[in-house]
Amino acid sequence: MDEQTRTELEAAAFRALRDHLRQRTDVQNIDLMNLSGFCRNCLSRWYQEAANERGIEMGKDDAREIVYGMPYDEWRSKHQTEASAEQKQAFAANNPGH
(Lines give C-alpha, C1' and ligand atoms only; values in the text may rest on other atoms or scores of the structure.)
Protein backbone atom coordinates (compact mmCIF):
# COMPACT_ATOMS: atom_id res chain seq x y z
CA MET A 1 0.00 0.00 0.00
CA ASP A 2 1.35 3.42 -0.87
CA GLU A 3 1.73 6.18 1.74
CA GLN A 4 -1.05 8.39 0.32
CA THR A 5 -3.58 5.54 0.41
CA ARG A 6 -2.55 4.62 3.95
CA THR A 7 -2.99 8.23 5.08
CA GLU A 8 -6.42 8.43 3.44
CA LEU A 9 -7.55 5.21 5.09
CA GLU A 10 -6.30 6.35 8.49
CA ALA A 11 -8.10 9.68 8.05
CA ALA A 12 -11.31 7.86 7.12
CA ALA A 13 -10.97 5.62 10.19
CA PHE A 14 -10.44 8.69 12.40
CA ARG A 15 -13.54 10.39 10.98
CA ALA A 16 -15.59 7.23 11.52
CA LEU A 17 -14.43 7.03 15.15
CA ARG A 18 -15.10 10.73 15.69
CA ASP A 19 -18.59 10.45 14.20
CA HIS A 20 -19.34 7.32 16.19
CA LEU A 21 -18.36 9.05 19.44
CA ARG A 22 -20.50 12.06 18.52
CA GLN A 23 -23.49 9.76 18.09
CA ARG A 24 -22.87 7.78 21.28
CA THR A 25 -23.44 10.61 23.72
CA ASP A 26 -24.69 7.99 26.18
CA VAL A 27 -21.13 6.72 26.55
CA GLN A 28 -19.37 8.93 29.06
CA ASN A 29 -15.68 9.80 28.84
CA ILE A 30 -15.06 8.06 32.14
CA ASP A 31 -16.54 4.87 30.65
CA LEU A 32 -14.18 5.16 27.69
CA MET A 33 -11.22 5.76 29.99
CA ASN A 34 -12.11 2.83 32.22
CA LEU A 35 -12.51 0.45 29.30
CA SER A 36 -9.94 1.64 26.79
CA GLY A 37 -7.59 4.07 28.50
CA PHE A 38 -8.56 6.99 26.25
CA CYS A 39 -11.56 9.26 25.77
CA ARG A 40 -12.80 12.09 23.59
CA ASN A 41 -10.52 14.53 25.39
CA CYS A 42 -7.51 12.32 24.66
CA LEU A 43 -8.49 12.13 21.01
CA SER A 44 -8.83 15.91 20.81
CA ARG A 45 -5.45 16.37 22.54
CA TRP A 46 -3.79 14.03 20.02
CA TYR A 47 -5.41 16.01 17.20
CA GLN A 48 -4.18 19.28 18.69
CA GLU A 49 -0.66 17.91 19.17
CA ALA A 50 -0.55 16.67 15.57
CA ALA A 51 -1.64 20.09 14.30
CA ASN A 52 0.87 21.91 16.49
CA GLU A 53 3.69 19.59 15.38
CA ARG A 54 2.92 20.63 11.79
CA GLY A 55 3.04 24.32 12.63
CA ILE A 56 -0.73 24.73 12.76
CA GLU A 57 -1.71 26.74 15.81
CA MET A 58 -4.65 25.03 17.48
CA GLY A 59 -5.87 25.40 21.03
CA LYS A 60 -7.50 22.81 23.24
CA ASP A 61 -10.98 24.27 22.77
CA ASP A 62 -10.65 24.23 18.97
CA ALA A 63 -9.50 20.61 18.96
CA ARG A 64 -12.27 19.57 21.32
CA GLU A 65 -14.88 21.20 19.10
CA ILE A 66 -13.58 19.15 16.16
CA VAL A 67 -13.98 15.93 18.14
CA TYR A 68 -17.21 16.77 20.00
CA GLY A 69 -18.91 18.53 17.08
CA MET A 70 -19.78 21.47 19.33
CA PRO A 71 -18.09 23.54 22.03
CA TYR A 72 -16.98 21.31 24.91
CA ASP A 73 -19.00 23.20 27.55
CA GLU A 74 -22.13 22.79 25.44
CA TRP A 75 -21.52 19.03 25.08
CA ARG A 76 -20.95 18.72 28.82
CA SER A 77 -24.16 20.54 29.69
CA LYS A 78 -26.18 18.45 27.23
CA HIS A 79 -24.65 15.00 27.69
CA GLN A 80 -22.27 14.61 30.63
CA THR A 81 -23.58 12.98 33.76
CA GLU A 82 -22.04 12.77 37.21
CA ALA A 83 -19.71 9.81 37.48
CA SER A 84 -20.77 7.15 39.94
CA ALA A 85 -18.59 6.16 42.88
CA GLU A 86 -17.84 2.89 41.08
CA GLN A 87 -16.78 4.70 37.91
CA LYS A 88 -14.52 7.03 39.89
CA GLN A 89 -12.99 4.11 41.77
CA ALA A 90 -12.32 2.20 38.54
CA PHE A 91 -10.81 5.32 36.98
CA ALA A 92 -8.48 5.82 39.93
CA ALA A 93 -7.38 2.18 39.79
CA ASN A 94 -6.94 2.06 35.99
CA ASN A 95 -5.48 5.49 35.35
CA PRO A 96 -3.14 6.41 38.20
CA GLY A 97 -1.72 9.90 37.80
CA HIS A 98 -4.14 10.84 35.04
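The values are calculated or read from the model by the stated rules, or taken from the named source; none is laboratory data. Source: prediction; values computed, not measured. All Cβ positions, even for glycine, are placed from backbone atoms using ideal geometry, and neighbour counts span all protein chains on display.
How about segment 27-38: which of its residues are of a type outside the set (A, V, I, L, M) and free of Cβ contacts under 8 Å to residues at least 12 places away in the same chain?
Listed by number, the residues that qualify are 36, 38.
Looking at (1) of a type outside the set (Ser, Thr, Tyr); (2) modelled with pLDDT under 95; (3) within 13 Å of the chain's Cα centre (by Cα), which one does residue 35 not meet, given that it meets all the others?
Single failed check for residue 35: (3).
Being assigned to a helix (DSSP H, G or I) and touching a helix residue (DSSP H, G or I) at 6+ places or on another chain (Cβ under 6 Å) is the filter; apply it to segment 19-32 and report the residue that is nearest to residue 67 (Cα to Cα).
Checking each candidate, the answer is 21.
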